[in-house]
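See below for the structure under consideration.
The values are calculated or read from the model by the stated rules, or taken from the named source; none is laboratory data. Values in this document were obtained by computation on a predicted structure and should not be read as measured data. Cβ placement follows ideal geometry from the backbone for every residue including glycine, while neighbour counts extend to all protein chains displayed. Note: areas computed on protein heavy atoms with side chains; ligands, DNA, RNA excluded. Shrake-Rupley method; radii C 1.70, N 1.55, O 1.52, S 1.80 Å.
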Amino acid sequence: MIEKNSYVQLTEHMKELKLIENSLQILGWDMRTYMPPNGIQQRAEISSIYSKLHHERLVSKFTATKLKEISNMNDLNDVQKRNLELWQREYDMESKLPVELVQKLAIQENITEKLWEKAKSKSDFKMVQPELEKLFELVKQKADAYDPNKAMYDVLLDLYEKNITQGMINEYFSTLKSGVLKIVEKCNESPIKPDINSIKIKANVSQQKQLSKFIMDFIGMDLKRSRIDETEHPFTTGYADDVRITTQYLENEPMASFYAVLHEGGHALYDLNLPIEHRWTGIGSYVSMGIHESQSRFVENIIGKSPEFITYAFAKIQEIVPGYKNIEINDFIRAVNVVIPSKIRVYADEVTYNLHIIMRYEMERDLFTDKITISELPQVWEEKMDEYFGLKLDNETEGVLQDVHWYSGSFGYFPAYALGNVYDGALLSTMEKSIPDWKQQLKEGNGKNIIEWLDVNVHKKGFLYDPVDLIENVTSKKPDASAFIDYLNDKFSKIYEF
């Protein structure tokens, strides 16, 4: 009875910690959506208190005692063993952080991110640079506290993608970069020249909200457990029965929000569909940000940008935004899938998007080996944009200020986007064996079987496996970038006729 109670008691304790995490998520959501501008200092202090509370409860003597008691139990089933492993991992990591650092990080992340919004609106990196430098130093302290004998950047990468290393990413990205550049070259040489400006037409917020509703209905988002709001940089947050997505409505680019909602909707489906029987436990969580991005990018690109889905959705899009009635369906499909250098990552095409991530990965890697400094980021960004895309920036808003990640302390996150693509290639090649007519189903307006396949093979498995192990469990082989490159070649050779 004592042994059983120890597991039950720790389960209840860890649920309370999950609820505190969820509170922090909702505070962050409010900060990015409805909080009055002058509330930032107060919000930062509130977040700091909650972060301290979470930290102290996680590394408490109670947690340590129960972990030890459970580890001595000899009748744990596989689920209990996995939960113990995940809880022990979380405890071991968090116990290395001083509570003062936890609080400082919470405050600095809030302050820097809110100031980033102002700096971005004014295209002035220097406005936020001092606060970003403070945040960067705190992130380095965090990495050092976690493991002083390991490369800082590897420590940070591991926070978002368990057991991933720079060496593994270099291998994935080498294949990815080589394959992408070849496809870009073929698209450039093709006589097919899609007109991206043809889809840049006026659409008011009301019309774009109707498009969002159409998307959420199509992918099956439960609107009694989720919602959508507006923000500067689209994101998804929440857990269980309270998951929130956001988007940004641009008057002259309605398809930008259309695909942002598909992307964030893919994130939301993952969070909403996590196994209810494991809710609030370690297994009841998502696996990693790479797996999370694989789900969002699968919905956004493999489903949403497929010629078949567009063929189905086009009539509805035209109905909501009449300006598209002057465009032929094939021209629309090509415009949505145009392969063209872009200054802005979130609006980049499915092919060159990977170069945006590789570029950011290289910059982060160099930051943590002191090859570049925070003050040099704008210049290095411009050099990378010229190197990878042949583009010149007009201002810092379309350069170093375009993404929120660094300003919220999320150094090490960016590679997850491209890792998501790598995972998607493996998942798609496996799904096609179960649903060989998936494209025809989309053309007929049926996305349920695809979503259900993702649900069964990814969502409902929760955190039973670490990321690479999950992909291997689903596909029977370790992930590599070749399957994703094969997918891109197959799709774009048809669109660009090469």
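Taken over segment 344-391, the residue count meeting the criterion of being closer than 27 Å to Leu262 by Cβ and in a loop (DSSP other than H, G, I, E, B) is 7.
Among the conditions (1) out of contact with any Gly (no Cβ under 6 Å at 6 or more places or on another chain); (2) under 30 Å from Ile199 (Cβ atoms); (3) part of a helix (DSSP H, G or I), the only one that Val339 does not satisfy is (3). Working carefully through the options Lys134, Lys142, find the one that is open to solvent by 50 Å² or more (accessible area, probe 1.4 Å), assigned to a helix (DSSP H, G or I) and in contact (Cβ under 8 Å) with a residue 24 or more places away in the chain. Lys134 is the lone residue from the list that is open to solvent by 50 Å² or more (accessible area, probe 1.4 Å), assigned to a helix (DSSP H, G or I) and in contact (Cβ under 8 Å) with a residue 24 or more places away in the chain.
Using the structure shown, decide if Gly304 is within 23 Å of the chain's Cα centre (by Cα), closer than 19 Å to Phe136 by Cβ, small (Gly, Ala, Ser) and modelled with pLDDT of 95 or more. So that I can check it myself, show each step before the final result.
Working: within 23 Å of the chain's Cα centre (by Cα): yes; closer than 19 Å to Phe136 by Cβ: no; small (Gly, Ala, Ser): yes; modelled with pLDDT of 95 or more: yes.
When the stated conditions are applied, Gly304 does not pass them.
Could you name every one of the helices (runs of 4 or more DSSP H) located completely within segment 239-324 that has at least 1 residues being more than 24 Å from Thr33 (Cβ to Cβ), in contact (Cβ under 8 Å) with a residue 12 or more places away in the chain and open to solvent by 10 Å² or more (accessible area, probe 1.4 Å)?
Numbers: elements: 254-272, 289-297, 307-320.
Passing ranges, in order: 307-320.
Within segment 145-169, the set of residues being open to solvent by less than 70 Å² (accessible area, probe 1.4 Å), free of Cβ contacts under 8 Å to residues at least 24 places away in the same chain and of a type in the set (S, T, N, Q) comprises just one member, Thr165.
So Pro436 passes all but one of these: (1) over 30 Å from Gly282 (Cα atoms); (2) touching a Lys or Arg at 6+ places or on another chain (Cβ under 8 Å). Which condition number does it fail? (2) is the only condition that Pro436 fails. Residue pairs whose Cβ atoms lie under 9 Å apart, sitting 6 or more positions apart in sequence or on different chains, and linking a residue in segment 13-24 that is more than 17 Å from Tyr91 (Cα to Cα) and of a type in the set (A, V, I, L, M) to a partner that is in a helix (DSSP H, G or I) and modelled with pLDDT under 95, do not occur here. Among the conditions (1) surrounded by fewer than 17 Cβ atoms within 10 Å (Cβ to Cβ); (2) of a type in the set (Asp, Glu); (3) assigned to a helix (DSSP H, G or I), Asp75 misses just one, which is (3).
Restricting to segment 198-226, count the residues that are open to solvent by 70 Å² or more (accessible area, probe 1.4 Å), part of a helix (DSSP H, G or I) and in contact (Cβ under 8 Å) with a residue 40 or more places away in the chain. Adding up the residues that qualify gives 2.
Can you tell which of Asp158, Asp229 is in contact with a Ser or Thr (Cβ under 9 Å, 6 or more places away or on another chain), part of a helix (DSSP H, G or I) and closer than 21 Å to Glu109 by Cβ? The conditions single out Asp158.
For segment 27-58, a residue qualifies if it is under 22 Å from Gly284 (Cβ atoms) and open to solvent by 40 Å² or more (accessible area, probe 1.4 Å), and the qualifying residues are Tyr50, Leu53, Arg57.
Looking for something in a loop (DSSP other than H, G, I, E, B) and either more than 28 Å from Leu86 (Cβ to Cβ) or open to solvent by less than 20 Å² (accessible area, probe 1.4 Å) (or both) - is there at least one such residue anywhere in segment 461-474?
To start, the set of residues in segment 461-474 that are in a loop (DSSP other than H, G, I, E, B) comprises 462-466.
Those left that are additionally either more than 28 Å from Leu86 (Cβ to Cβ) or open to solvent by less than 20 Å² (accessible area, probe 1.4 Å) (or both): 462, 466.
Yes; the residues of segment 461-474 include at least one that is in a loop (DSSP other than H, G, I, E, B) and either more than 28 Å from Leu86 (Cβ to Cβ) or open to solvent by less than 20 Å² (accessible area, probe 1.4 Å) (or both).
For segment 419-459, the set of residues classified as touching a helix residue (DSSP H, G or I) at 6+ places or on another chain (Cβ under 9 Å), in a helix (DSSP H, G or I) and closer than 21 Å to Ile276 by Cβ consists of Lys448, Ile451, Trp453, Leu454, Asp455, Asn457, His459, listed by residue number.
Where residues in segment 359-386 are of a type in the set (D, E, K, R) and in contact (Cβ under 8 Å) with a residue 24 or more places away in the chain, which of them is surrounded by the fewest Cβ atoms within 10 Å (Cβ to Cβ)?
At the first step, the residues of segment 359-386 found to be of a type in the set (D, E, K, R) are 360, 362, 364-366, 370-371, 376, 382-384, 386.
Now drop any that are not in contact (Cβ under 8 Å) with a residue 24 or more places away in the chain, which leaves 360, 364-365, 384.
Values: Arg360: 21, Glu364: 21, Arg365: 20, Lys384: 18.
Step by step, filter segment 359-386, then rank; the result is Lys384.
Take segment 392-401 and flag every residue that is in contact with a helix residue (DSSP H, G or I) (Cβ under 8 Å, 6 or more places away or on another chain), open to solvent by 10 Å² or more (accessible area, probe 1.4 Å) and either touching a residue at least 12 places away in the same chain (Cβ under 8 Å) or in a helix (DSSP H, G or I) (or both). Don't jump to the end; show me each part of the working.
Going residue by residue through segment 392-401, those that are in contact with a helix residue (DSSP H, G or I) (Cβ under 8 Å, 6 or more places away or on another chain) are 392-393, 396-397, 399-401.
Then keep just the ones that are open to solvent by 10 Å² or more (accessible area, probe 1.4 Å); that gives 392-393, 396-397.
Scanning segment 392-401 gives Leu393, Glu396, Thr397.
Of note, Glu232 does not satisfy the criterion of being charged (D, E, K, R), under 30 Å from Thr165 (Cβ atoms), open to solvent by 10 Å² or more (accessible area, probe 1.4 Å) and touching a residue at least 24 places away in the same chain (Cβ under 8 Å). Is it the case, given these coordinates, that Glu497 is out of contact with any helix residue (DSSP H, G or I) (no Cβ under 8 Å at 6 or more places or on another chain), at pLDDT 95 or above and within 30 Å of Pro191 (Cβ to Cβ)? For Glu497, the condition - out of contact with any helix residue (DSSP H, G or I) (no Cβ under 8 Å at 6 or more places or on another chain), at pLDDT 95 or above and within 30 Å of Pro191 (Cβ to Cβ) - is met. Among the numbered conditions (1) in a helix (DSSP H, G or I); (2) open to solvent by less than 30 Å² (accessible area, probe 1.4 Å), the only one that Pro479 does not meet is (1).
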